[in-house]
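The values are calculated or read from the model by the stated rules, or taken from the named source; none is laboratory data. Everything quoted here is computed from the prediction, not taken from an experiment. Every residue, glycine among them, receives a Cβ derived from its backbone with ideal geometry; neighbour counts consider all protein chains shown. To get the accessible areas, we keep the full protein, side chains included, count just its heavy atoms, and leave off ligands, DNA and RNA. Shrake-Rupley method; radii C 1.70, N 1.55, O 1.52, S 1.80 Å.
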Amino acid sequence: MLQTLLDDVHGQFIDAVAKGRKLPREQVVQFADGRVFSGTQALALKMVDALGGLEDAINAAAKLANLPTPPSVERPAPEVLDHRSAAQRTGAAGPRKSAPSGPAGVQDPLYLMD
């Protein structure tokens, strides 16, 4: 049952890529198998339109939105990546969520979302 579900989702993915990139489905099937490609390889496979960095992407988005380039960009302040809640970091009192016990020696497990 699980394999049937995975095959169905994979087929939907292939169809979406073929339609979105305007490629024959047979062409997408040849490389849509979970591999990771470099930018150069993705460009050769017609999976991306161009290579570039963040500034290139910002300028391209501005162009699509008919904004001047380079656009005025307000960047957020860097945040400290810390799994503890703000209350724990600042020492403020507050209820602590109980977490399931982890492996021996792990006192404060990390979670993707708190």
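How do the pairs read when you match residues in region 11-24 that are more than 17 Å from ASP49 (Cβ to Cβ) and open to solvent by 60 Å² or more (accessible area, probe 1.4 Å) with residues anywhere that are of a type in the set (A, V, I, L, M) and outside any helix (DSSP H, G or I), using Cβ under 8 Å and keeping only pairs 6 or more apart or on different chains?
From region 11-24, the pairs are PHE13/ALA32.
If we scan region 45-53, do we find a residue that is small (Gly, Ala, Ser) and surrounded by fewer than 13 Cβ atoms within 10 Å (Cβ to Cβ)?
yes
Looking only at region 25-43, decide whether some residue is of a type in the set (A, V, I, L, M, F, W, C), free of Cβ contacts under 8 Å to residues at least 40 places away in the same chain and under 28 Å from PRO70 (Cα atoms).
First, pick out the residues of region 25-43 that are of a type in the set (A, V, I, L, M, F, W, C): 28-29, 31-32, 36-37, 42-43.
After this cut, where a residue has to be free of Cβ contacts under 8 Å to residues at least 40 places away in the same chain as well, the list is 28-29, 31-32, 36-37, 42-43.
If we keep only those that are under 28 Å from PRO70 (Cα atoms) too, we end up with 42-43.
The answer is yes, given that some residue of region 25-43 is of a type in the set (A, V, I, L, M, F, W, C), free of Cβ contacts under 8 Å to residues at least 40 places away in the same chain and under 28 Å from PRO70 (Cα atoms).
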